[in-house]
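Some notes on the structure that comes next.
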Amino acid sequence: AAAMKSLRFISAEALVSNAQFARRSLGSLAHNLFPLLFKASYLLEQGEVIHDLVENWPLVDLNVGKLLGKSADCQEDLSHRTCSVCLQSCLTGLRDYVLHPPSPYVKRLKVVDLTGIKDVEVQVCACKKPLGRWARTQLLCKLCLELLLRPPRPGAAELSVDVLIDLFVTERNYELVVQALLTKRSCPLKIHCVAFRADSLALHKFFYAVRLADPALLRKLEVVHNVRLEMEQLEVLLASVRFPLLASLTLPARTFNVRRLTAADELALAAIGEKMSEMPHLTELSMAFSILTGRLRKLLSPLKTPLKVLDVSNCSLNHADMAYLANSLHSSHLEVLDLSGHNIPDLYPSTFFKLLSHSSSVLRSLILEECNIQDSHVNMLMLALSPCRKLQEFKFLGNPLSSEALKHLFVFFCELPMLQNVEFPVPRDCYPLGTTYPIDDANLCSFDRQKYERVAEELKCILLQGNREGVKASTPLFGSYDAAVEETNNELGTYLMKSFKETLEKFTNSLKEMSL
């Protein structure tokens, strides 16, 4: 690890490891050393030093993601360490920066960027406690409101620092976020929302909060899980709020349900497509678990900018949808594609082939979970994937494939030069005879563990023999890690129980009415 650090960085570590001495010395240090000391303090989890560095930050910007990323002085990338000690110290340091009387020669900070921090599953910092996106939203809003309660010091009135952040709003922190956004003008720390995620939130609250978050600057909007945003409301949102810079849009399950489409709904669908076409930067669209049968063209053909990321998993797409996608403007630009939950081999093998051949020069990630890919389809799959030389990630959990079929696939994976991550299913022969696919949650774990371990070991040996030991191969039974869900799962559970209870009550009342 020392070989990955320059002498300058090792010296910086030595300085910050003595927190008291480092804090006393800040006034006499050259300004260009502050970024180096910030990363060294972060690596050693010296919270007090981080606080004082930020409180006395002499430069125009403080981009946390960049400061923690790989550099000539230290190759290690720390941007995925959402260390609670370090990030809390950083934010309280920012509060104290604006609280203390500014000297015109030193106080230059104009922009703080918190958007480059990546939330991951395993925290390698000593405190082992992450400060996730929800908690960062909570803390920043708290500090902004705290600043308003304190009388401004002389010279502090002119101070204004833009803070770029990815907000995460749920029922539990809604009031706090709204208060902070409403008082933004009078607070020296100006919250600038780059990405907005809403979960477990009543629809009217979501509409209000997203308007306050300055949609004109928003680049990413995620409306997930328990926000009941259906097609009619989405049309109202897009008609009443403009998102000129939006690059990424995620919609909750069942936003679209074309099985109950009226003539008015057809118009709404076309209107949504038109409104999305007015977002020139939109390149990422996720509509998982919406029912879009036969309507993909209507929704996506108005878009003038090709999509690079498309999630249409479990959208009940038919042959016409697949044919449209394979021949559309988007097909040759797709870098990330999720077609999970569609019976690809039986419904549209040739259009799937065509789609992959069109996107093969750019495709980085392909997800085909629960697509009924069986042993007899393995050669077809390898043929379809072989032109995808840029493929870095392939996930195909939940497909009824035998150990032998998986071995053939893994031999083939060794030939994909960029492949880094594979998520493969538990082999069919590890489950009891007669298990039907897709396997429900109750039976997902009832497989022969020892046999699975043996097969997994053999698959890893195939990668090793093909000089591809760098490829990560795993079987996350319940899907990949989602930091945002993990952080708010208690609230999510409560919300789900509440909505289940409401549904049950409605159902009971209907039964009572029927029996009257």
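The values are calculated or read from the model by the stated rules, or taken from the named source; none is laboratory data. Computed from a predicted model, the values in this text were never measured in an experiment. Don't worry about glycine lacking a Cβ; one is built from the backbone with ideal geometry, like all the others, and counts go over all protein chains shown. Ligands, DNA and RNA are excluded from the accessible area calculation, which covers all protein heavy atoms including side chains. Shrake-Rupley method; radii C 1.70, N 1.55, O 1.52, S 1.80 Å.
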Proximal aspartates and glutamates to LYS205, defined as alpha-carbon separation beneath 12 angstrom and excluding residues fewer than eight positions away on the same chain: GLU171, GLU175
Rounded FRET efficiency, nearest 0.05, which uses the C-beta distance separating ASP61 from ASP375 and R0 of 51 Å: 0.40
Kyte-Doolittle at least 1.6, axis length at least 18 Å by Cα - qualifying DSSP helices, the chain: none
Largest-first ellipsoid semi-axes for the chain, taking √(5λ) over the Cα gyration tensor eigenvalues, angstrom: 43, 32, 22
Environment charge of LEU409, counting only residues whose C-beta is closer than 14 Å and scoring Lys/Arg +1, Asp/Glu -1: 0
Accessible surface ranking that places the most exposed of ARG228, ARG81, ARG185, ARG150 first, with a 1.4 angstrom probe: ARG185, ARG228, ARG150, ARG81
Surface accessible to a 1.4 Å probe, per residue, for the residues of the stretch 18-131, Å²: 44 Å²
Solvent accessible area, Å² - HIS408, 1.4 Å probe, full protein context: 110 Å²
Estimated FRET transfer efficiency when R0 is 35 angstrom, pair ARG172-ASP96 (beta carbons, to 0.05): 0.85
10 Å Cβ shell holding at most 13 others, DSSP loop, chymotrypsin sites (Phe, Trp or Tyr not before Pro): longest site-free stretch of the chain: 106-477
Carbon/sulfur fraction of accessible area - the stretch 18-131, other protein chains in place, 1.4 Å, %: 54 percent
Charge sum, other residues only, whose C-beta stays under 15 Å from ALA30's C-beta, Lys/Arg counted +1 and Asp/Glu -1: +1
Net lengthening on full extension, ALA270/ASN489 (0.36 nm per residue, minus Cα-Cα): 75.3 nm
Dipole of the chain, positive direction: furthest Cα of ASN318, ALA195, VAL122, with charges on the beta-carbon: ALA195
Pairwise centroid distance, computed over Cα atoms, of the stretch 269-330 with the stretch 351-373, Å: 16 Å
Dipole of the chain [Lys/Arg +1, Asp/Glu -1 at C-beta], most positive-end residue of SER240, TYR97, LEU67: TYR97
Separation of the MET418 and ARG24 label points, Cα + 7 Å toward Cβ, nm: 5.4 nm
10 Å beta-carbon shell around ASP166, net charge (K/R +1, D/E -1): +3
The stretch 18-131: equivalent-ellipsoid semi-axes (sqrt of 5 x gyration tensor eigenvalues, Cα, Å): 22, 14, 14
Pairs of lysine residues in the stretch 18-131 - Cα separation under 24 Å, sequence separation of 8 or more or cross-chain: 19
The stretch 428-483: GluC sites (Glu not before Pro) in DSSP coil with no more than 11 other Cβ atoms inside 10 Å: GLU469
Cα centre as origin, Lys/Arg/Asp/Glu Cβ charges: the chain dipole, Debye: 1360 debye
Cleavage-rule hits (GluC sites (Glu not before Pro)) in the stretch 401-449: DSSP loop, at most 14 neighbouring Cβ within 10 angstrom: GLU415
Added length on full extension, which subtracts the Cα-Cα distance from 0.36 nm per residue, LYS128 to ALA239: 35.5 nm
